[in-house]
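Here's the structure, in structure tokens; my notes come after.
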Amino acid sequence: MPLLNLSITPPASAGIDDGALGTCKLTVQLPLFDVITWTLTKSSHSSPGVSMTRLEPEQVENPRVGFISTRIAGTDGVSLEIGKWEQIFERNGVECFFITGESDRPAKRTALIESLHFNYAPIKKITDQAFGSELRTSELTQHIVEYAKPMKHAIIEAIDRFRLDAIIAENCLTIPMNLPLGVALVQLIQEIGIGCLAHHHDFYWERDRFLVNCVNDIINYAFPPPLPQIQHVVINSLAGEEFSRRTGLSCRIIPNVMDFASPPAPPDDYARSFRHQIGLADEDILILQPTRVVERKGIEHSIELIRRLDPEHAKLIITHAIGDEGDEYAKYIQEFADLLGVRMHFVDAWIAESRGTAADGSRLYTLDDVYSQADLVAYPSEYEGFGNAFLEAVYHKCPVLCNRYAIYRTDIEPCGFNTILFDGFLREETIDHVRKTLSDESYRQEMVEHNYQVASRFFGYHVVEDEVRSLFTRPQNVYRWLARTRHGTNSRQIEP
């Protein structure tokens with residue numbers, strides 16, 4: 001954690017003797033956001049050489065920030081990144097709260113609003129009608145407006161209840177998975193004057209399924225909203241360029257990060273039991289694909305890898321559940337695996353936020369446990385907003401097979417990582433590189449240690465701390481709203 005900045009303001013009367021009364025101010029500048037002042041009182045009963053007997057903090061409340069997203073639960077990239085920002089904020093004196101349609105965060109800090117979830121039945125119906133056709137019915141327009149209004153009031157109620165100073169919109173002003181939520185957020189930001197940082201992970205123009213639609217006016221209004229009072233943050237350089245081209249606004253680039261200053265603990269007996277739990281033998285090679293089952297993740301490349309490497313002993317382990325974007329792709333890869341004689345292991349039923357016991361009595365494991373048992377991580381994605389799973393693999397010192405998707409080429413590869421790469425399809429040279437990595441322990445160890453050092457430099461928590469500190473100390477950003485709220489110059493005061 002960065003050092004605190006200290007300053008002392010002496011009392012009005014100079015030259016206080018050891019036995020005299022006096023007070024002075026000790027001001028502490030927290031690393032990111034706030035200033036706290038203590039009153040130091042010198043007592044007439046102090047013994048010689050003792051200059052302070054009481055340290056009384058003034059009544060200054062820590063800043064409060066609310067994360068807003070359709071879902072803050074599980075192991076999807078947005079939820080994981082929210083967890084990292086939460087850790088960074090909390091250790092810098094900022095209290096974090098959550099407003100979402102699904103949550104695995106503490107209940108006392110969470111406002112659960114069912115209609116915020118993209119799979120909430122009426123919202124899913126709106127999405128299905130909005131995309132794939134260019135003709136919009138009046139009923140669809142009416143439904144979007146009707147659902148936005150109660151959402152807005154529910155979010156404002158949560159903002160008031162948690163006494164939030166600012167909100168962070170996590171991907172919900174980015175990708176139009178919940179159209180009424182985007183409309184509601186833009187309206188309340190303009191109406192109540194609360195500071196907002198919009199954290200953009202996946203824009204609609206990066207997804208083919210959103211390109212044909214009948215809601216372009218709503219998308220231009222809220223996904224993302226071109227409002228100067230919102231501080232926009234993207235996770236890669238290409239997204240930043242396209243965002244500015246489309247909106248005319250500036251943005252900051254803050255990549256995905258991991259806490260490389262705190263290495264993972266070595267695997268214990270519990271973690272080592274994962275292989276037996278999922279039916280693997282000691283001699284099996286665990287090839288881990290730590291992604292969702294969606295088309296852009298390129299799981300067919302991992303299936304081909306297993307077939308060409310060693311279909312008898314190499315096992316493909318997929319960590320995430322099926323269903324976020326339908327099940328057509330899941331059916332395809334199952335047919336493809338059957339065709340090549342490769343068995344896939346879907347292990348999402350055994351993965352949880354923390355260790356425990358499932359309803360059937362089987363053990364539950366964390367993603368950390370699973371990574372610790374991987375011999376190789378397969379990351380054959382066709383497209384990624386950044387690459388959370390890549391950083392996780394590096395953090396857990398796993399070698400990585402990686403497709404050179406666009407953001408890897410522009411934002412990750414130039415850093416100097418040593419990975420097993422391929423360009424769109426697997427060649428025999430790639431398979432040979434995998435074999436060498438799995439069989440040569442010295443080569444493998446040198447590879448993963450090098451990657452850990454590179455990632456520590458470019459993708460550690462300090463990157464977020466440095467960038468957010470800069471955001472919150474500029475005059476034209478969300479912090480000005482925080483200052484106005486606290487000093488009574490805002491048009492709407494949040495009730496205590």
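Coordinate-derived values only; no laboratory data. Predicted, not measured: the structure shown is a model, and the values here were computed from it. For neighbour counting, all protein chains shown are included, and Cβ atoms are generated from backbone atoms with ideal geometry for every residue, glycine included.
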message = What whole-number distance in Å separates the alpha-carbon centres of segment 202-254 and segment 352-369?
response = 38
task = May I ask you to order 171-183, 76-88, 407-419, 352-364 by the average number of other C-beta atoms within 10 Å around their residues, highest value first?
result = 171-183, 76-88, 407-419, 352-364
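What is segment 269-458's relative contact order, in percent, from Cα pairs under 8 angstrom and six or more apart in sequence? Mind showing how you got there, number by number?
Values: 307 pairs, mean separation 39.3, N = 190.
Value for segment 269-458: 21 percent.
Using only the alpha carbon atoms of segment 269-458, find the Kirkwood hydrodynamic radius as the inverse mean reciprocal pair distance, in angstroms to one decimal.
Numbers: mean 1/r = 0.0590 Å⁻¹.
Radius from the Kirkwood sum: 17.0 Å.
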query = Can you list the lysines whose alpha carbon is less than 22 Å from that of K108, not counting same-chain residues fewer than 8 positions off?
reply = K84, K152
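Summarise the long-distance tail of P(r) for segment 235-353 by giving the % of C-alpha pairs beyond 26 Å.
41
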ask   = In terms of Cα to Cα distance under 15 Å, which aspartates and glutamates are near enough to K315, apart from those fewer than 8 places away along the same chain?
value = D282, E283, D284, E300, E304, D338, D375
ask   = Can you give me the Cα centroid spacing of segment 148-178 and segment 282-298 in angstrom?
value = 35
